[in-house]
Each structure stands twice: as structure tokens, then as C-alpha cells.
């Protein structure tokens, strides 16, 4: 099933947001959509793992209290049902997958 004009515009808008003005000239097709879906899926997995990373401890803070607070915070971050992705996850995948997007645009 091919993308509608509106879906292509939405996808192009997203890609321009991630990759900048160069993405305005990219050919938007089903392959481009599938790669974007893969990118968002991997970014979601990364963001899920980032929720489990403890935040830095303050100087002079009681380590036992800090640890229990971090465990509670991790659980709450997981329960929140986050809709966004961590910037570091998106940026990493942006760099990792740029060649793939360029190859699809070139028809390779």
C-alpha cells in the first residue's frame, strides 16, 4: 500500500526535523517510511533503557537514600508511559542510519 500525499508530507516534515533541510529533497516512498519506522522503534528501545539509568548522585548525599530514590524514580519513569524519546537515542540513530536514508533516496 503506498503512502498518501498527506502521509508523505508528514513523513518529510519529520525527516526535515531530524536531518535538516537536505531531507526536503528526498524522495518519500514506502522504503523511506519503513526505515523511519525502524529508526523510531530502535529509538524507543533505547529510550526504554535510558529510563533505567540512574541519575548522578549529588556531593554529600547519602548513597543509601540516593539509591532508593533512584529505584523509585526508575519505576515511575517506566509507569509514566512516556510519549517522547531521549535526544541522545534519536541523535545516535540519526547518525547511524543517515547512509541508509541517502541510499534509499538515491534508489539503491
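The values are calculated or read from the model by the stated rules, or taken from the named source; none is laboratory data. What you see is a predicted model; the values in this text were computed from it and never measured. Every residue, glycine as well, gets a Cβ built from its backbone with ideal geometry; the counts of neighbours run over all protein chains shown.
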**OP:** Please identify the pairs in which a residue from segment 48-60 that is free of Cβ contacts under 8 Å to residues at least 60 places away in the same chain has its Cβ atom under 7 Å from the Cβ atom of a residue that is assigned to a loop (DSSP other than H, G, I, E, B) and surrounded by 10 or more Cβ atoms within 10 Å (Cβ to Cβ), counting only partners at least 6 apart or on another chain.
**Re:** 50/86
Original post:
Quick one: residue 62 ticks every box in (1) surrounded by 11 or more Cβ atoms within 10 Å (Cβ to Cβ); (2) under 20 Å from the mean Cα position of the chain (by Cα); (3) modelled with pLDDT of 85 or more bar one, so which box is it?
Top reply: (2)
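Please state which one of 97, 50 is surrounded by 14 or more Cβ atoms within 10 Å (Cβ to Cβ), touching a helix residue (DSSP H, G or I) at 6+ places or on another chain (Cβ under 8 Å), at pLDDT 90 or above and at negative phi.
Details: 50 fails: at pLDDT 90 or above.
Matching residue, one of 97, 50: 97.
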**OP:** Go through segment 1-47 residue by residue and tally those that are within 24 Å of residue 99 (Cβ to Cβ), free of Cβ contacts under 8 Å to residues at least 24 places away in the same chain and either touching a strand residue (DSSP E or B) at 6+ places or on another chain (Cβ under 8 Å) or not in a helix (DSSP H, G or I) (or both).
**Re:** 1
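Please verify whether residue 67 is over 25 Å from residue 93 (Cα atoms) and in a helix (DSSP H, G or I), treating the condition exactly as stated. Quick ask: steps written out before the conclusion?
Numbers: over 25 Å from residue 93 (Cα atoms): yes; in a helix (DSSP H, G or I): yes.
It is true that residue 67 is over 25 Å from residue 93 (Cα atoms) and in a helix (DSSP H, G or I).
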